[in-house]
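Chemist: One structure, pasted below without further comment.
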Amino acid sequence: MPEIKLAGGFTLNCAVDDYLWPWQQPTPVLMMHGFARNARFWNRWVPSVADSYRVYRPELPGCGDSPAPPSGYHPTPETIGAQIIGVLDALGLERVHWVGESSGGIIGLLLDAAHPERIASLVLCNTPTRISEEIKRIYALDRADASAAIRAYGTGEWCRRTLGYRLDLSHASPELQEWCIAEMDRTRPDIAADLHDVFETVDTLPLLPNIKAPVLMLSGDKSRIASASQQAFAERLPNARLELISGYGHGVNLLQPERCARASLDFWRALELG
């Protein structure tokens, strides 16, 4: 997992899955994790996708194996975008197929709006246009807002209390549930709280008509976070395709990883064939 040093004292880790011959040069795939998660959340996708594409899985500062950001840092959509562009530049990736889960999909939409030349396509898993007022209230628990709850209870305990909104517990094994909690708990509460504040402020809806890249949306039809947004995406994105997974809530990237990976591969191959 290369460490990429960026301006401002940031270091981001990026898992690289490269099993291709050197002369094989397909458009690379970048997989962006969701809020307070990390590159490991894509592990089950890698065997299918890396057979045909090089896969890059960066981790935001303080998430997974990326070192904590410098003291006093408070992320914004712009700084997060600049960090990812820095990763692309450091790795020599001119253009990528973007795969984002939940807020990782939001980051992809923001990047396409600002740097359309860097995004060949977007696969949005469980991605909302914005965090709804209902989810904001639920995530706040008994505190003023979600970031205050995360700071009060810690990332892991906050995740445990709200897990059913990010992962369909009726389809998730107890082992998967505990793994998700433990992985998110690797993100320090102050870092997680700051990240959540960022994503609570973002509304991608006004950007959608100007998104240039082809888009594949993957979502469970029962997701409290994302399902209501899928129709808005479908109506406003100029070049979008929706695949709803019946009977599932949030977290289809973890609950149906092989199916999601196959759908993404079919999407990219169709684009390559024109």
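The values are calculated or read from the model by the stated rules, or taken from the named source; none is laboratory data. All of these numbers come straight from a predicted model, not from anything done at the bench. Backbone-built Cβ (ideal geometry, glycine too); neighbour counts: all protein chains shown. Please note that ligands, DNA and RNA were not included when accessible areas were found on the heavy atoms of the full protein model with its side chains. Shrake-Rupley method; radii C 1.70, N 1.55, O 1.52, S 1.80 Å.
Chemist: Please count how many residues of the range 16-39 are touching a helix residue (DSSP H, G or I) at 6+ places or on another chain (Cβ under 6 Å), open to solvent by 10 Å² or more (accessible area, probe 1.4 Å) and not in a loop (DSSP other than H, G, I, E, B).
Modeler: 1
Chemist: Can you give me the ranges of the helices (runs of 4 or more DSSP H) entirely in the range 218-274 with at least 3 residues that are over 21 Å from residue 39 (Cβ atoms) and modelled with pLDDT of 95 or more?
Modeler: Of the helices (runs of 4 or more DSSP H) lying wholly inside the range 218-274, those with at least 3 residues that are over 21 Å from residue 39 (Cβ atoms) and modelled with pLDDT of 95 or more span 257-272.
Chemist: Out of all the residues in the range 189-201, is one or more closer than 21 Å to residue 254 by Cα, surrounded by 21 or more Cβ atoms within 10 Å (Cβ to Cβ) and either of a type in the set (A, V, I, L, M) or out of contact with any Ser or Thr (no Cβ under 7 Å at 6 or more places or on another chain) (or both)?
Modeler: Taking every residue of the range 189-201 in turn, at least one turns out to be closer than 21 Å to residue 254 by Cα, surrounded by 21 or more Cβ atoms within 10 Å (Cβ to Cβ) and either of a type in the set (A, V, I, L, M) or out of contact with any Ser or Thr (no Cβ under 7 Å at 6 or more places or on another chain) (or both).
Chemist: Check the range 46-65 and report whether any residue there is aromatic (Phe, Trp, Tyr), in contact with a Leu (Cβ under 8 Å, 6 or more places away or on another chain) and closer than 18 Å to residue 190 by Cβ.
Modeler: no
Chemist: Right, another one. Do we find that residue 56 is within 16 Å of the chain's Cα centre (by Cα) and open to solvent by 10 Å² or more (accessible area, probe 1.4 Å) in this structure?
Modeler: Spelling it out, residue 56 is indeed within 16 Å of the chain's Cα centre (by Cα) and open to solvent by 10 Å² or more (accessible area, probe 1.4 Å).
Chemist: Report, ordered by the first and then the second residue, all pairs with beta carbons closer than 9 Å, sequence separation of six or more or different chains, a first member in the range 240-255 that is touching a residue at least 12 places away in the same chain (Cβ under 8 Å), and a second member that is open to solvent by 40 Å² or more (accessible area, probe 1.4 Å) and acidic (Asp, Glu).
Modeler: 244/221; 245/221; 246/221; 247/221; 248/221; 249/221
Chemist: Next question, about the same structure. Restricting to the range 214-236, what's the tally of residues that are open to solvent by less than 10 Å² (accessible area, probe 1.4 Å) and touching a strand residue (DSSP E or B) at 6+ places or on another chain (Cβ under 7 Å)?
Modeler: Within the range 214-236, residues that are open to solvent by less than 10 Å² (accessible area, probe 1.4 Å) and touching a strand residue (DSSP E or B) at 6+ places or on another chain (Cβ under 7 Å) number 9.
Chemist: How many of the residues making up the range 126-138 are buried (at least 22 other Cβ atoms within 10 Å of the Cβ) and either free of Cβ contacts under 8 Å to residues at least 24 places away in the same chain or farther than 20 Å from residue 221 by Cα (or both)?
Modeler: Residues flagged as buried (at least 22 other Cβ atoms within 10 Å of the Cβ) and either free of Cβ contacts under 8 Å to residues at least 24 places away in the same chain or farther than 20 Å from residue 221 by Cα (or both) within the range 126-138 amount to 0.
Chemist: Next question. Spot the failing condition for residue 18; the list is (1) over 29 Å from residue 158 (Cβ atoms); (2) out of contact with any strand residue (DSSP E or B) (no Cβ under 9 Å at 6 or more places or on another chain); (3) of a type in the set (Asp, Glu), and only one is missed.
Modeler: (2)
Chemist: On to the next question. Quick check on my filter: what residues within the range 148-164 are open to solvent by less than 60 Å² (accessible area, probe 1.4 Å) and under 20 Å from residue 224 (Cβ atoms)?
Modeler: 149, 150, 158, 159, 162, 163, 164
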